[in-house]
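Asks: Would you mind keeping the following structure in view while I ask a few things?
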Amino acid sequence: MGNDQRYKKIKEDTLSGRYIHHDHLVPSLKKLRSLIKLEEVGTSVNGLPIEKITVGQGPIKVLMWSQMHGNETTTTKAVFDLINALSYGYENADKLLERLQLVIIPMLNPDGALAYMRVNANGVDLNRDAMDRSQPESKVLRAVFDSFSPDFCFNLHDQRTIFSAGSAPKPATLSFLSPAADPLRTVTANRLKGINLIAAINEELQKFIPGQIGRYDDSFNANCVGDTFQTLGTPTILFEAGHFQGDYEREITRKYVFMSLWKALEAVAFDPLDSNREKDYAVIPENKKCYFDILVYNAHLLNSKLEVGMAVGILFKEQLEKGNIILQPFIEKTGVLNGHFGHHTYDCTNPKDMIGLKNNEPIANLINSSLRNK
């Protein structure tokens, strides 16, 4: 059975798309098997429950949390795929459960999730609240961390469509970071374990999405949760789910997040991670902001008021409307735009592209009505 077929068997079908809030989790939470423990560990600013899921009884402890930013939902879907895989005997699930104990907070910021916004109900970015812990959600995470004393932490996020894997025309479908533990970015022993773990994940994913793995900048920020946990001596890995070609619902990316989590758990369970794979980690290209959702070359042929040769870079803003996420295009940048790429590209010197662009009325109208020759 191929990877896709095996994955379909454990994919959590009750969760899909970009908009996922706590009510969407309830069917998935209700059907958790008896071997999995579900516990409410706190509430959000607006009183919504924050749960943790515990699975496995092994000696190696892994803590992971998703939707710290309420509008970052891909990893939440993948987490429930992971729980299904562990519950229903995917590959070497039994051996993993013998070696590992997992604590998972599937939705740390339920208020932000409901409103589809990054911050919590008080307007605070929880990933900049690690030191102050001014918010109830931040206190919940730290309390779980302190009581569980994990050997590894997985900090699960989404990233925007703008990111490329280096300067190449490849989207950063997944990106990773083993955060620094101090301003000097010292490779401490626990940080090295994270580096080795990411190198193992990258080696696996390159088989399926070659050139589409990125690495985040490792500037130290003590207010970020990952940096704080790294400082406290726990190897902490940042996972960022990004764009796969044409996959604005993040359903394909979701599969690769699951694969990366599975590989990470295998490595944690069966690899001492005591080698030095800094070189393998360093060759992962650092993320760059090279992508637009739509890139239109020679837009003067569509709008004669534009300078000859001008390109137009368009991004989508995600807006919540009646329970659906609408992609609202806006013009981010105009000019020559060398070194940039589009997830969809039009060149107005190409007759087929011009016809396609004119048929894409929202984009054609945006270019015609919003731009003025500077």
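What follows is calculated from the coordinates using simple rules that are stated; it is not laboratory data. Predicted, not measured: the structure shown is a model, and the values here were computed from it. Here the Cβ positions follow ideal geometry from the backbone for every residue, glycine too, while neighbour counts run over all protein chains shown.
Asks: Out of all DSSP beta bridges with both ends in the chain, state the antiparallel percent to the nearest 5. Spell out each step's value before the answer.
Replies: Values: 31 of 57 bridges.
In the chain, approximately 55 percent of DSSP beta bridges are antiparallel ones.
Asks: Moving on. Can you give me the Rg/Rh ratio for the range 1-115, using Cα atoms for both radii and the Kirkwood formula for Rh?
Replies: Details: Rg = 14.1 Å, Rh = 14.6 Å.
Here the Rg-to-Rh quotient is 0.97.
Asks: Moving on to the next point. Using the Cα centre of the chain as origin and beta-carbon charges of +1 (Lys, Arg) and -1 (Asp, Glu), tell me which of Pro49, Gly214, Val268 is placed farthest towards the positive end of the dipole.
Replies: Checking the options against the dipole of the chain, the answer is Gly214.
Asks: Provide the per-residue ³J(HN,Hα) series for the range 107-121, in order, calculated from phi with Karplus coefficients 6.51, -1.76, 1.60 and θ = phi - 60°, each as a whole number of Hz, with x at glycine and proline positions.
Replies: 3J(HN,Hα) across the range 107-121, in whole Hz: 8, 6, 10, x, 5, x, 5, 5, 8, 6, 9, 5, 8, 8, 5.
Asks: Across 5 Å bins from 0, what is the distribution of all Cα-Cα pair distances for the range 237-341, in whole percents?
Replies: All Cα pairs, binned at 5 Å, distribute as 2, 9, 12, 15, 15, 12, 11, 8, 7, 4, 2, 1, 0 percent.
Asks: With a cap of 14 neighbouring Cβ atoms within 10 Å, and only residues DSSP puts in a loop, list the trypsin sites (Lys or Arg not before Pro) found in the range 161-256.
Replies: Values: sites: Arg185, Arg191, Lys193, Lys207, Arg215, Arg250, Arg254, Lys255; in loops: Arg185, Lys207, Arg250.
Qualifying residues, ordered by number: Arg185, Lys207.
Asks: What per residue convex hull volume, in Å³, comes out for the range 74-141 when only alpha-carbon positions are used? All intermediate terms of the calculation are to be shown ahead of the outcome.
Replies: Values: hull volume 7.0 nm³, N = 68.
Taking only Cα atoms, the range 74-141 has a hull volume of 102 Å³ per residue.
Asks: So how far, in whole Å, is the C-alpha centre of the range 240-296 from the one of the range 352-367?
Replies: Each part's Cα centre sits 33 Å from the other's.
Asks: Eigenvalues of the Cα gyration tensor times 5, then square-rooted: what semi-axes does that give for the range 145-203, in whole angstrom, largest first? Walk me through the numbers before you get to the answer.
Replies: On the way: eigenvalues 125, 43, 28 Å².
After scaling each eigenvalue by five and taking roots: 25, 15, 12 Å.
Asks: Treating the beta-carbon of each Lys and Arg as +1 and of each Asp and Glu as -1, no other charges, what is the dipole magnitude of the range 3-289 about its Cα centre, to the nearest 20 debye? Can you show the working numbers first?
Replies: Details: 34 positive and 36 negative charges, 81 e Å.
Around 380 debye, computed over the range 3-289.
Asks: Another question, if that's okay. Looking at the square roots a ≥ b ≥ c of the eigenvalues of the Cα gyration tensor of the range 309-374, which shape do they give, rounded for a/c under 1.5, prolate if a/b is larger than b/c, or oblate?
Replies: Prolate shape, in that a/c is at least 1.5 and a/b is the bigger ratio.
Asks: Also, I was wondering about something else. In terms of modelled amide H atoms, which long-range or inter-chain residues lie less than 5 Å from the amide H of Phe154?
Replies: So Phe154 has HN proximity to Leu63, Met64, Trp65, Ile237.
Asks: Which listed residue (Ser304, Asn127, Leu108) has the Cα farthest towards the positive end of the charge dipole for the chain, taking +1 on Lys and Arg C-beta and -1 on Asp and Glu C-beta about the Cα centre?
Replies: Projecting each Cα onto the dipole axis, the largest value belongs to Ser304.
Asks: In square nanometres and to one decimal, what's the mean projected area of the convex hull around the Cα atoms of the chain?
Replies: Values: hull surface 78.6 nm².
Projected over every direction and averaged, the Cα hull of the chain covers 19.6 nm².
Asks: Over the C-alpha atoms of the range 147-257, what are the Rg and the largest Cα-to-Cα span, Dmax, in Å?
Replies: 14.2, 44
Asks: Something else about it: Can you give the helix-only mean residue ellipticity at 222 nm for the chain, where every DSSP H stretch with n ≥ 4 adds -39500 (n - 2.57) and the sum goes over all residues, rounded to the nearest 500 deg cm²/dmol? Don't skip to the end; give the middle numbers.
Replies: Values: 12 runs with 125 residues, N = 374.
It comes out at -10000 deg cm²/dmol, rounded to the nearest 500.
Asks: Right, something else. Given H placed on each backbone N at 1.01 Å, which residues far from Ser44 in sequence or on other chains put an amide H within less than 5 Å of it?
Replies: So Ser44 has HN proximity to Ile50.
Asks: List the lysines whose alpha-carbon lies under 25 Å from that of Lys61, not counting same-chain residues fewer than 8 positions away?
Replies: List returned: Lys11, Lys30, Lys31, Lys37, Lys52, Lys77, Lys95, Lys139, Lys193, Lys255, Lys263.
Asks: Can you bin the range 73-228 into rounded, prolate or oblate? Criterion: square roots of the alpha carbon gyration tensor eigenvalues sorted a ≥ b ≥ c, rounded for a/c under 1.5, prolate for a/b above b/c, oblate for the rest. Show your work: numbers first, answer last.
Replies: Values: a/c = 1.28, a/b = 1.10, b/c = 1.16.
In terms of gyration-tensor shape, rounded.
Asks: Across the range 147-155, in residue order, what do the Karplus-derived ³J(HN,Hα) couplings come to in whole Hz, using 6.51 cos²θ - 1.76 cosθ + 1.60 with θ = phi - 60° and x for Gly and Pro?
Replies: Going residue by residue, I get 6, 7, 6, x, 8, 9, 10, 10, 9 Hz, with x marking Gly and Pro.
Asks: Hey, another quick one. Across the range 239-253, in residue order, what do the Karplus-derived ³J(HN,Hα) couplings come to in whole Hz, using 6.51 cos²θ - 1.76 cosθ + 1.60 with θ = phi - 60° and x for Gly and Pro?
Replies: 10, 10, 8, x, 8, 10, 3, x, 9, 6, 7, 6, 8, 6, 4
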